[in-house]
Amino acid sequence: MDATSTAMNKTDEGSQAATAMAAGAAQADADAAPLIALWESDALDPPAITAAAARLDAAASDGARAWACFLNAYVAIRAGQMDEAQALIAACREAADPDVPRVASLVRMLDAFAASLRGQHEAALAHYAAALHGAHSGLTEFDRAVVHGNFGTALWMAGDLQHAAMRLMDSLATMRELRHHQRTMVVMCNLGQLLVDLGDPASAVELQRELAQMHEAAAHPRLRVVVPVLSLSIHLARHDGPAAHAAAQALEPILDAQPLVESENQIPPALAEAFLAGGDIARAEAWLGRGDALIDPARHVRAHARAQRARALLLLAQGQPAAALDLARAAEAALAADHYPVGWCESLETVAECEEACADFAAALKTRKRHAGALRHLADNANRSRHYFLESQFRLARMVNERDRAQAESALHERHARDLEDVNHRLEEHLAEVEALRRELAEQAVRDALTGLYNRRRIESMWAPMREAARREGRPLAVAMVDIDHFKQLNDEFGHAAGDEVLKRVAVHLLRAFRSEDLVMRYGGEEFCIVTSSLNGVQLAARLDGVMKGLASGERREQRGPSPPAFSGGVALVGESESFEAAVQRADSALYRAKAAGRARIFLAGGEGTGSA
């Protein structure tokens with residue numbers, strides 16, 4: 001056989017292999033098509049998914065089997081059947097084709113969904129980010145809308161309400177554009193609940209009105225639950241007891257017909273609170289009992305704390321203020337740690353009511369002051385979110401509706417095509433505005449509203465690059481923790497407005513003392529944190545000592561005003577692979593030694609101190 005014949009035979013063999021691969025891919029697509037159609041339908045239909053999966057025979061493609069496992073796992077997670085879901089996820093990974101990244105990215109979403117339900121918020125957020133931003137995610141526009149919606153809910157559960165609003169807005173805009181009626185309603189319900197948690201029930205009412213027009217056409221059984229639950233939440237947020245009681249009475253028979261699942265474990269405490277508002281103690285107690293079966297205190301911190309608060313209100317109504325106070329305080333501590341502002345405000349109010357009922361009026365007064373401060377913070381958040389989020393969301397919805405209307409009319413007349421082009425142009429302009437607002441909202445999320453400094457969220461994305469740059473360039477990296485001395489006494493004597501002014505003055509002096517490349521953050525309360533790669537530990541301590549002296553010499557005490565602020569500080573030189581938390585802990589230890597040594601001085605971690613005492 002000559003060389004030409006050999007080459008022709010090899011070419012034929014390659015063509016046959018390519019043809020076989022193409023045929024196999026086509027068969028895989030054909031097998032998976034019914035399952036993909038079920039996934040992309042307006043509402044998941046578990047019986048239809050089960051039937052479609054059962055119809056797969058031994059010759060079905062691995063891709064189709066992967067889709068069947070994915071859909072069944074998604075349904076299982078939503079029903080709270082976590083063990084079954086984990087087994088299906090493992091089977092999905094085994095069957096999925098590595099060259100088809102879409103299913104792999106969706107499985108990442110399932111990992112995130114499951115982690116979120118287990119209360120593992122950080123893991124859930126990491127999985128969602130990987131699903132959306134992986135090198136080859138393969139997600140369709142519809143997939144991304146679903147992931148954005150679930151991502152938003154996870155951020156919400158993790159306490160990051162502003163970024164949660166951004167994700168839900170993305171999901172809602174896409175679902176509306178794709179005309180997924182029932183999925184749009186689900187996202188709208190979640191968004192409405194988030195607005196309530198942001199302290200803005202008035203805006204939630206606007207969504208509720210739109211939902212009311214869509215609700216009659218809702219076929220999915222869960223929508224018959226979540227839409228009335230939104231109404232109940234709005235009435236509770238507005239402290240409208242009679243309306244909340246009426247909403248609870250209307251919702252109760254629906255829930256009797258459709259038992260709650262684990263992911264809906266915050267509904268029983270809300271119902272109990274509504275029945276208590278109507279004086280119906282027996283039904284409130286019954287709903288708290290039903291909620292206990294759905295709430296795992298270790299995994300469902302927020303739902304457990306809300307149930308504790310509702311039970312405290314129940315005990316208060318039953319004349320047991322001491323027992324109620326213990327529960328209310330436990331709920332307040334848990335909700336504060338969970339970064340849940342509305343729940344925290346409500347629990348502070350309940351603690352104060354219990355303290356008053358126990359005749360501990362001094363404690364009640366302190367709690368009322370904390371409650372007033374929390375309400376101011378909540379109102380500030382609500383105003384910013386209303387301005388940056390709701391305006392964009394509703395304007396975007398109007399523009400999408402206008403574009404859809406123009407698209408329909410363009411089929412009838414050429415003039416309507418020109419109208420459509422104009423609407424699309426305005427939509428693009430608005431999307432650019434939305435993107436600008438989104439960037440501004442993202443910047444606000446890492447800024448402290450009072451001082452304008454970065455907050456502790458900023459260091460999460462900056463620590464590793466700063467440490468690596470310092471190591472590469474052979475420069476030191478140092479961390480300082482600064483705490484204003486006698487700040488509580490200053491607040492008590494001169495008021496919180498004076499305390500706020502002191503915080504702002506210290507922030508200005510710290511910013512002036514460091515480079516723009518350094519990080520100066522308000523760490524919480526009267527604490528500040530500085531991360532710099534331009535100074536070693538001794539130099540940083542001296543720089544802070546200079547800041548303190550500058551505050552003392554540059555600030556003249558006004559009549560009856562506070563003295564120039566002083567602070568104590570601790571400085572730690574960062575090790576090559578040391579984490580931010582470890583460095584802060586060492587700096588904190590040095591700060592505590594500075595406080596113990598008389599305040600108004602800076603101590604080095606493991607060394608002596610300098611001071612302006």
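The values are calculated or read from the model by the stated rules, or taken from the named source; none is laboratory data. Since we're looking at a predicted model, the values are computed, not measured. Quick reminder, even Gly has a Cβ in these numbers, built from the backbone with ideal geometry, and neighbours come from all protein chains shown. Remember, those area values only see protein heavy atoms, side chains included, never the ligands or the DNA or RNA. Shrake-Rupley method; radii C 1.70, N 1.55, O 1.52, S 1.80 Å.
Can you tell me the accessible area per residue over the chain, all protein chains present, probe 1.4 angstrom, in square angstrom? Intermediate values should be presented prior to the final figure.
Working: 28810 Å² over 613 residues.
Using a 1.4 Å probe on heavy atoms only, each residue of the chain averages 47 Å².
Take the Cβ-Cβ distance between F142 and A30 as r, set R0 to 25 Å, and report the resulting FRET efficiency rounded to the nearest 0.05.
Values: r = 20 Å, r/R0 = 0.81.
Approximately 0.80, to the nearest 0.05.
Given the DSSP H assignment, sum -39500 (n - 2.57) over each helix run of at least 4 residues in the chain and divide by its residue total; what's the result at 222 nm in deg cm²/dmol, nearest 500?
On the way: 25 runs with 433 residues, N = 613.
Here the helix-only value at 222 nm equals -24000 deg cm²/dmol.
Once both labels are modelled 7 Å past Cα along the beta-carbon direction, what's the A90-A246 spacing in nm?
For the pair A90/A246, the computed spacing is 5.3 nm.
Give me the net charge for the shell around I49: Cβ to Cβ below 12 angstrom, other residues only, Lys and Arg +1, Asp and Glu -1.
On the way: positive: R55, R78; negative: D45.
Residues near I49 contribute +1 overall.
Reachable aspartates and glutamates from K369, Cα under 12 Å, same-chain residues fewer than 8 places away excluded?
E349, D492
Once R0 is set to 25 Å, what does the formula 1/(1 + (r/R0)^6) return for the Cβ-Cβ distance between A37 and H133, expressed as a FRET efficiency to the nearest 0.05?
Numbers: r = 27 Å, r/R0 = 1.08.
After rounding, the FRET efficiency stands at 0.40.
Enter the accessible area of T140 (Å², nearest 10), with the probe set to 1.4 Å and all protein chains included.
50
Distance between Cα centroids, region 232-271 to region 49-84: provide it in whole Å.
Result: 33 Å between the Cα centres.
If each residue of separation counts as 0.36 nm, what is the full-extension length gain between A257 and R290 once their alpha-carbon separation is subtracted? Write out the running numbers ahead of the final one.
On the way: separation 33, 0.36 × 33 = 11.88 nm, distance 1.43 nm.
Length difference between fully extended and current span is 10.5 nm.
For region 280-348 and region 127-176, what is the centre-to-centre distance using only Cα atoms, to the nearest Å?
30
Using alpha carbons only, how many degrees (0 to 90, rounded to 10) separate the axis of helix 414-445 from the longest principal axis of the chain?
Taking the Cα atoms of the chain, the angle to 414-445 is about 40 degrees.
So if I place +1 on the C-beta of Lys and Arg and -1 on the C-beta of Asp and Glu, and nothing else carries charge, what would the dipole magnitude of region 122-209 be about its Cα centre? I want it in debye, nearest 20. Present the calculation step by step, with values, prior to reporting the outcome.
Values: 6 positive and 9 negative charges, 57 e Å.
The calculation lands at about 280 debye.
Return the label of the correct value of log10 I(q)/I(0) by the Debye sum over Cα atoms at q = 0.05, 0.08, 0.09 Å⁻¹, as calculated from the structure shown, out of [x] -0.36, -0.82, -0.96; [y] -0.30, -0.73, -0.90; [z] -0.30, -0.65, -0.78.
[y]
Once you list every other residue whose beta carbon is under 14 Å from the beta carbon of Q539, what net charge do they have if Lys and Arg are +1 and Asp and Glu are -1?
That sum, taken over residues with Cβ under 14 Å, equals +1.
Please give the FRET efficiency for A212 paired with A597, using the beta carbon to beta carbon distance and R0 = 56 Å, rounded to the nearest 0.05.
Values: r = 64 Å, r/R0 = 1.15.
Given R0 = 56 Å and the Cβ-Cβ separation, E is 0.30.
How much length is gained on full extension from H416 to E122, taking 0.36 nm per residue of separation minus their Cα-Cα distance? Don't jump to the answer; show the numbers that get you there.
On the way: separation 294, 0.36 × 294 = 105.84 nm, distance 4.89 nm.
Computed gain between H416 and E122 is 100.9 nm.
Tell me, which cysteines of the chain are without a disulfide-compatible partner by the Cβ under 4.7 Å rule?
For the chain, the answer is C189, C345, C354, C358, C529, because their Cβ atoms have no other cysteine Cβ under 4.7 Å.
Please report, as a whole percent, how much of the solvent-accessible surface of the chain comes from carbon and sulfur atoms (probe radius 1.4 Å). All intermediate terms of the calculation are to be shown ahead of the outcome.
Values: 15300 of 28810 Å².
Answer for the chain: carbon and sulfur cover 53 percent of the accessible area.
For K488, give me every one of the aspartates and glutamates with a C-alpha distance below 18 angstrom, ignoring sequence neighbours fewer than eight places off in its own chain.
List returned: D500, E501, E526, E527.
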